[in-house]
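Here the structure is laid out as structure tokens; the discussion comes afterwards.
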Amino acid sequence: MNKNIKKKIQYTLIPMALIFLIWLFPKVTTYNNNDIWLEMNPIKCLGNPWEFEWLKAHPSNYANYPKEQLDKIDEDEIVILKDHYKNNNLKIKNVKSISFTDLNNQSLQTCEICSCPQGYTLYVLVDFNDAKKMLELGWNKSNKTFE
């Protein structure tokens, strides 16, 4: 192969390929070296996996589910969330929630259908090794970090 062609490949195509790979695989936001924040928008009508599990253990007891505020997760619900994932061999290290209003600096209406979001984004901190399973369960990588 011609030396000029090799140099063009070396100095042009290889850096372009690296830039493309960096763009293709966005950074994973980590808390510690082995922790990652994930996020999701919980849905209404007790339609989330941790709520299903609680309802299964408390049949037809919707009224007693600890849901005082609709725009953030309650402390009692955090315990239910952590227990649900613990039962699935996944450890939730920390939980945060931000209402759509606080997140976007404006009031956002959500619909009344059960598949609609509750009105907040839920963030969980998990070990990097558990992140793959959590992503398979519908969670997304988060760009937010918390202290």
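Values in this text are rule-based calculations from the coordinates and carry no lab data. In this text the structure is predicted, and so the values were computed from the model without any measurement. All Cβ positions, glycine included, derive from the backbone under ideal geometry; neighbour counts span all protein chains shown.
Results, tabulated for the structure shown:
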quantity: In sequence order, calculated HN-Hα J values of the stretch 139-147 (Karplus, 6.51, -1.76, 1.60; Hz; x Gly/Pro); calculated: 7, 10, 5, 9, 8, 8, 10, 10, 8
quantity: Label point distance in nm, N104-E68, each placed 7 Å from Cα along Cα→Cβ; calculated: 2.7
quantity: Burial ordering of K44, K133, fewest other beta-carbon atoms within 10 Å first; calculated: K133, K44
quantity: Taking K86, K56 and counting other C-beta atoms within 10 Å, the order from fewest to most; calculated: K56, K86
quantity: For a label point 7 Å along the Cα-to-beta-carbon line of C116, residues of the stretch 47-89 with backbone N under 20 Å; calculated: 47-49, 67-73
quantity: For the stretch 29-141, the fraction of alpha-carbon pairs in successive 10 Å shells from zero, as %; calculated: 14, 45, 34, 8, 0
quantity: Rounded FRET efficiency, nearest 0.05, which uses the C-beta distance separating N61 from K91 and R0 of 25 Å; calculated: 0.40
quantity: Residues F146, F100, sorted so that the one with the fewest Cβ neighbours within 10 Å comes first; calculated: F146, F100
